[in-house]
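Shown next, in structure tokens, is the structure this report addresses.
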Amino acid sequence: MRFVINPLYVFCILCCHRYIPDASRAVMEVLNEMASDHESKRQRYNGEDAELLKKVASQDITEVTLRENLAQYVEQVNSQALFQQTMLYNSG
């Protein structure tokens, strides 16, 4: 049995990886702004949000870690989608 991969789908996967650095940089800018506001003002965030902002403020979460985790997640989702796409493409 020969498996064929849709070339358009491969192109979409490559484009997703291209935007990861810009997306992670933009998200970190927002998180850093929120973290600095969170520390200087009364506690506006609680629970998981406050914990995330504490990690950003203490540099436990950085742009590099965010970029790496985002790339890993995109790769995982793309692998699953590619498998499903390949199965559908080859079954039809």
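Computed quantities for the displayed model
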| quantity | calculated |
| --- | --- |
| Whichever residue in the range 58-70 is of a type in the set (S, T, N, Q) and part of a helix (DSSP H, G or I) and, among such residues, is surrounded by the fewest Cβ atoms within 10 Å (Cβ to Cβ) | ASN69 |
| Subset of the range 45-82 [within 13 Å of SER24 (Cα to Cα) and small (Gly, Ala, Ser)] | ALA71 |
| Residues satisfying the stated conditions in the range 10-57, i.e. loosely packed, with under 15 Cβ neighbours inside 10 Å, touching a helix residue (DSSP H, G or I) at 6+ places or on another chain (Cβ under 8 Å), modelled with pLDDT under 85 and of a type in the set (Ser, Thr, Tyr) | none |
| Pairs where the first residue, in the range 27-45, is hydroxyl-bearing (Ser, Thr, Tyr) and in a helix (DSSP H, G or I) and the second is surrounded by 15 or more Cβ atoms within 10 Å (Cβ to Cβ) and modelled with pLDDT of 80 or more, C-beta under 8 Å, 6+ apart | SER36/ALA57 |
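The values are calculated or read from the model by the stated rules, or taken from the named source; none is laboratory data. Nothing here was measured: the structure is a model prediction, and the numbers come from that model. Cβ sites come from the backbone with ideal geometry, for glycine too, and all protein chains shown count toward neighbours.
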